[in-house]
Amino acid sequence: MPTKREIISIIQHVGLWDRKSIDSALEEQEKTGQPLREIFQNRGMLPFGEIGASFYFQLGIIQRELPAREIPSEILGILPPKVAKTHRIIPWEKRPDTLVFVTDDPINILAADYFKKLANIEGIKNVEIIVTFKEEIDQLIGKYYGQDEMEDLTAMLQEASSATIDMDLPNSLELEEDEETLALQAPVVKIVNLIFVEALRRRASDIHLEPLEKKFRVRFRIDGVLYEIVSPPKRIERAVIARIKLMSKMDIAEKRLPQDGRIMLDIGGRPIDFRVSTLPGIYGESVVLRILDKTKMLIGLDKLGFLPDDLEKWNTILKFTGGLVLVTGPTGSGKTTTLYASLQKLNTIDRKLMTVEEPVEYQIPGINQTPVNPEIGLTFANVLRAFLRQSPDVILVGEIRDKETADIALRAALTGHLVFSTLHTNDAPSAITRLIDLGMPPFLVASSVQGVMAQRLVRVLCPFCKEKIEPDEELKIALKIKEGEELNVCRPKGCNECGFTGFFGRIGIFEIFIMNDELRELTLRRVSADELRKAAEKGGMRSMYDDGILKVKMGLTTLDEVISVTGQEE
């Protein structure tokens, strides 16, 4: 990384700015505390917006990825949080006579003396500044300086719970008052907004607001598990629910019937889609918000948790030019994510891709996506029938749930279209028997289905705090450990990074089979799912349980997690 003096020399040599302009800008920063980049931009010395790669090249700066590590609190305290967030520069390391900062703004290197002065630590002679990527700094700011809003939320809810504080709301919310007025009260607006922000900070997939007899409970679903947070007081329950209904364009006065709505927000530069559902209950309306973060919606197949042989098998299935491919599992098992990742791989200029979904959760550029609307007769079957007149190469049917949809999907697969869909079955072989149970002729199933995958999601051990253990005899038997086998079995511990749960994120465990002659013959004979399973395993299918066991041995998850989603192996 070039030093400040070297960068000034480069700048002067290539004629970017003269030394007088640089010194003048640095003097202005000393007086105002304004970020140096803004000073340069206001003087017309830099374009507004992102700094281009050519600028980095001219300065001889190479951006570096940061290693995963915890920054000690005493290091973070070197700079005030407001300065760190404003200047996008974060204390990283303290050496005997050197302070190290990280930033995504190379102009900050010129202001090294300014940050050294702000740090005000005796014995520090040098300041080193490492330039990294925008995403890295965003993550660090969110992690170490995103706590303020949650502290505000906790303090505000504790204040609201006090008998002496009315939060500027009417004294009695039990009276029949204008709920829209209550929903627009500043304290209510702030509480709802802070709940949204905290849900995103904790990586929640759902927000549950549940009126109980003597309590208004708020819970977040994180990595598939519900956790209760500091909840608002019971007396502002109606105002909070009215606020959410107003934001999602629901009928505030209607409390007798379920309602569905949608909230689109931009939070911290991230476009977030909240799918809102209300349900009347004996103590009030229960509200669930499903969070769809569009910045994280589309990930590659290599990030889903496939082991190399399963990924190769799935990629083989994606190379078929026709046939039906099924992904099975219960609600919330990641089927849609897997299918979207697969469509992204197939989404090339020479293919036409079409989807029919309920609803369209994520919009994928280059793909024709149609939401169903049963109220006007726009069903899966009707849309799929229309698709066949649009000459598609690849079709995604959100779900096969009735005989009519199954029949059209199978016949479309038989006539040269590659059709993807989902079924709710416990395992992969059961998908074949389910299609036959829906009334499909065995010959049509046998000739149309190309491959089936079942999946579940297991929580991943936090990489920052997991502890390696030596398995005891009971665990060795459960994990089918062989003599001399190399292991990396770990257990959860808990840290700030994972919210002291011991887990961070989820990955899939899978079982995949590709139809072969033996499986087609068994399908024609209408054999049971157990017989199909034996034949599939003979052909190379690994069960979800065994796939999970391999990931336990790799230190990715735990045996309890695998058992909780698959059941104990017999």
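Gln390 to Lys215: extension gain in nm, 0.36 nm per residue of separation minus the Cα-Cα distance?
Full-extension gain reported as 57.6 nm.
Taking R0 as 41 Å, what FRET efficiency do you get between Arg526 and Tyr145 from their Cβ-Cβ distance, rounded to the nearest 0.05?
According to the calculation, E is roughly 0.10.
Starting at the first residue of the range 201-208, write each ³J(HN,Hα) from the Karplus equation 6.51 cos²θ - 1.76 cosθ + 1.60 with θ = phi - 60°, in whole Hz, x for Gly and Pro.
Per residue, the Karplus-derived 3J(HN,Hα) values read 4, 8, 6, 6, 9, 9, 10, 10 Hz.
Take the alpha carbon atoms of the range 364-378, find their center, do the same for the range 463-501, and report the distance between the two centers in whole angstrom.
45
How high is the FRET efficiency from Leu279 to Lys352, r the C-beta distance, R0 35 Å, rounded to 0.05?
About 0.30, to the nearest 0.05.
With r as the distance between the Cβ atoms of Val230 and Glu518 and R0 = 51 Å, compute the FRET efficiency 1/(1 + (r/R0)^6) and round to 0.05.
According to the calculation, E is roughly 0.30.
For the chain, give the percent of accessible area contributed by carbon and sulfur heavy atoms, probe 1.4 Å, rounded to a whole number.
Carbon plus sulfur share of accessible area: 50 percent.
Mean residue ellipticity at 222 nm from the helices of the chain, using -39,500 (n - 2.57) per DSSP H segment of n ≥ 4 over the full residue count, to the nearest 500 deg cm²/dmol?
-11000 deg cm²/dmol
Can you pull out the chymotrypsin sites (Phe, Trp or Tyr not before Pro) in the range 185-249 that DSSP calls coil and that have at most 15 other Cβ atoms within 10 Å?
The qualifying sites: there are none.
In the set (1) 34.3; (2) 28.8; (3) 25.9, which value of mean projected area of the Cα convex hull in nm² was calculated from the structure you see?
(1)
Over 26 Å between Cα atoms, which of Lys335/Lys403; Lys143/Lys245; Lys31/Lys85 qualify?
Lys143/Lys245
At Asn368 and Phe464, where each label point lies 7 Å from the Cα along Cα→Cβ, what is the point-to-point distance in nanometres?
It is 4.7 nm.
Quickly work out the Thr331-to-Asp113 label distance, labels modelled 7 Å from Cα along the C-beta direction, and quote it in nm with one decimal.
6.4
Restricting attention to the chain, give the cysteines that have no other cysteine Cβ less than 4.7 angstrom from their Cβ.
Cys490
Any chance you could run the full-extension gain for Thr98 through Glu473? It's 0.36 nm times the residue separation minus the Cα-Cα distance, nm to one decimal.
130.0 nm
The values are calculated or read from the model by the stated rules, or taken from the named source; none is laboratory data. Keep in mind that this is a model prediction, so the values were computed, not measured. As a convention, Cβ positions derive from the backbone with ideal geometry for all residues, glycine included, and neighbour counts pool all protein chains shown. Protein only, heavy atoms only, side chains kept; ligands, DNA and RNA dropped before computing areas. Shrake-Rupley method; radii C 1.70, N 1.55, O 1.52, S 1.80 Å.
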